[in-house]
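The values are calculated or read from the model by the stated rules, or taken from the named source; none is laboratory data. Treat the numbers as computed from the prediction; the structure is a model and nothing was measured. Glycine gets a Cβ as well: all are built from the backbone with ideal geometry, and neighbour counts include every protein chain shown.
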Amino acid sequence: MLETYFSASKMRAHLRSGPSGPYVDGFAAALGRQGYSADTAVRYLRAAAHLSHVVARQGAMPSEIDLAAFSEHLRSCRCPRAMGGRRNHHTIFGARLFRQHLVEIGVCRSALAALQPAEPCLVADFKVWLRKHRGASDSTIKLYARDAAHLMAALGAGATPALSTSLSKVSLTAM
């Protein structure tokens, strides 16, 4: 799909290099489906390649894209192949769109999911127990798990091992 926007094979090779290279053609197709003009799509594709190379220099994977770090990088960017994508609204917006594309295809987690803390193992086990032994519905499990997680947070980290030990002594299947 990059052939639609770039005639030079060297530029297409540059865009496809880096850790996000396998996803650039899909991003180009998505931009075309969404009705972006060729000029705008070119800017956004260059921004996506710039983002990809910055992420690679940081030693991260495409699933770990940090737009705040990229924005900070742009303040003092001296990348030789940035091609005008150093500090303007096209660069930032193109990077955001590329990250959103990666979220949509399952490469990145959404920003909301990334901000949510990981579920404690005890809560995960509780959810399994509710489904298996109580036949609870998904909505009930979601509500109970939320409350259980809040309770564990209120009790603090020191209470988790003691609670876990106490529960392992009780036969949950007998309840």
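Quick one: how many residues across region 44-59 are part of a helix (DSSP H, G or I) and over 16 Å from Gln100 (Cα atoms)?
The qualifying residues number 4.
Out of Ala136, Ala118, report the one residue that is of a type in the set (Gly, Ala, Ser), surrounded by 14 or more Cβ atoms within 10 Å (Cβ to Cβ) and modelled with pLDDT under 90.
Numbers: Ala118 fails: surrounded by 14 or more Cβ atoms within 10 Å (Cβ to Cβ).
Just a single option satisfies the conditions, and that option is Ala136.
Where the second residue is part of a helix (DSSP H, G or I) and surrounded by fewer than 14 Cβ atoms within 10 Å (Cβ to Cβ) and the first is on the phi > 0 side of the Ramachandran plot and lies in region 50-78, which pairs have Cβ atoms under 7 Å and are six or more apart or on separate chains?
Between residues of region 50-78 that are on the phi > 0 side of the Ramachandran plot and residues that are part of a helix (DSSP H, G or I) and surrounded by fewer than 14 Cβ atoms within 10 Å (Cβ to Cβ), there is no close pair.
Return the residues of region 1-15 that are closer than 18 Å to Tyr36 by Cα and assigned to a helix (DSSP H, G or I); say none if nothing qualifies.
Leu2, Glu3, Thr4
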